[in-house]
Amino acid sequence: MQSITLPAIDVPDHVTQTPLGKVIVPGVRIPERMVVIDPALIQDLIEKARNASDLGYNNYSVKFPVGAAVVMADDPEGQIFTAANCENAVLNSGICAERALLHYVVAQGFRRIKYLAVSTPHRDKDITLRSPCGLCRQTIAEFADEKTLIFLDRQQQGVLADVLDIDRLLPYPAIRKIVARL
């Protein structure tokens with residue numbers, strides 16, 4: 001186990017005056033956090049996500065396989081579950097690896113993500129090519145808490161993964177506000 005720091009993010013609102021009133025681009029303020037990770041488990045998750053990406057069904061896109069692996073915080077056995085994306089000729093009926101995986105583990109009775117790893121063919125520095133889509137981010141938020149960590153594969157020598165918490169992955173999640181009102 002090892003402690004790491006997720007750095008603070010402090011981007012102020014950007015305000016532009018127009019003839020009809022102000023337009024505001026909301027800033028993001030996320031405090032620094034210390035988290036504890038298990039590098040050996042992360043390495044195992046990344047490898048299993050890579051292997052799962054090889055099993056994906058992606059005949060309709062630009063051959064964009066995605067694999068995901070998860071350990072659920074409420075699983076006393078600490079099992080690693082995996083899934084891959086599955087496309088369909090009717091594009092909206094396919095499913096991303098992350099959502100396929102989370103739908104499966106929820107059906108097994110689990111509700112809280114501990115670690116989630118995602119691997120794509122774009123294992124490079126451009127995080128925009130490797131991070132989950134909006135639907136997946138919101139689904140991850142549904143089953144994440146303040147301890148959840150998301151690891152994005154780079155497949156870069158000497159780099160285990162990029163690490164994010166849910167606040168850094170999805171700074172404006174709808175789900176927390178809705179649940180807080182219930």
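The values are calculated or read from the model by the stated rules, or taken from the named source; none is laboratory data. Predicted model only: the values in this text are computed from it and were never measured. Cβ sites come from the backbone with ideal geometry, for glycine too, and all protein chains shown count toward neighbours. Just the protein is used for accessible areas: all its heavy atoms, side chains included, with ligands, DNA and RNA removed. Shrake-Rupley method; radii C 1.70, N 1.55, O 1.52, S 1.80 Å.
Brief remarks follow.
- Top-ranked residue in the stretch 93-136 [being over 25 Å from Pro76 (Cα atoms) and charged (D, E, K, R); ranked as most open to solvent (accessible area, probe 1.4 Å)]: Lys125
- Every residue from the stretch 72-81 that is in contact with a helix residue (DSSP H, G or I) (Cβ under 9 Å, 6 or more places away or on another chain) and charged (D, E, K, R): Asp75
- Residue selection: Ile37 fails the criterion of being over 23 Å from Pro173 (Cβ atoms) and open to solvent by less than 30 Å² (accessible area, probe 1.4 Å).
- Only one entry of Arg154, Arg111 meets the criterion of being touching a Lys or Arg at 6+ places or on another chain (Cβ under 7 Å) and among the basic types (Lys, Arg), and that entry is Arg154.
- For Ile150, the conditions (1) in contact (Cβ under 8 Å) with a residue 60 or more places away in the chain; (2) in a strand (DSSP E or B) are fulfilled apart from (1).
- Test for Ile24: is it within 29 Å of Val106 (Cβ to Cβ) and either β-branched (Val, Ile, Thr) or exposed (fewer than 11 other Cβ atoms within 10 Å of the Cβ) (or both): no
- From the options Ala69, Ala84, Ala144, residue that is touching a helix residue (DSSP H, G or I) at 6+ places or on another chain (Cβ under 9 Å) and touching a residue at least 40 places away in the same chain (Cβ under 8 Å): Ala69
- Only a single criterion out of (1) open to solvent by 60 Å² or more (accessible area, probe 1.4 Å); (2) at pLDDT below 95 is not satisfied by Val159, namely (1).
- Residues that are aromatic (Phe, Trp, Tyr) and in contact with a Ser or Thr (Cβ under 9 Å, 6 or more places away or on another chain) do not occur anywhere in the stretch 44-58.
- Screening Leu20, Leu45, Leu41, Leu55 for residues that are under 16 Å from the mean Cα position of the chain (by Cα) and not small (Gly, Ala, Ser) leaves exactly one candidate, Leu45.
- Some residue of the stretch 61-80 being open to solvent by less than 60 Å² (accessible area, probe 1.4 Å), modelled with pLDDT under 95 and not in a loop (DSSP other than H, G, I, E, B): no
- Failed item in (1) in contact with a Ser or Thr (Cβ under 7 Å, 6 or more places away or on another chain); (2) over 19 Å from Gln155 (Cβ atoms); (3) in a loop (DSSP other than H, G, I, E, B); (4) not hydrophobic (A, V, I, L, M, F, W, C), with Arg99 passing the rest: (3)
- For Val90, the stated conditions do not hold, so it cannot be described as open to solvent by less than 70 Å² (accessible area, probe 1.4 Å), farther than 23 Å from Pro171 by Cα and free of Cβ contacts under 8 Å to residues at least 40 places away in the same chain.
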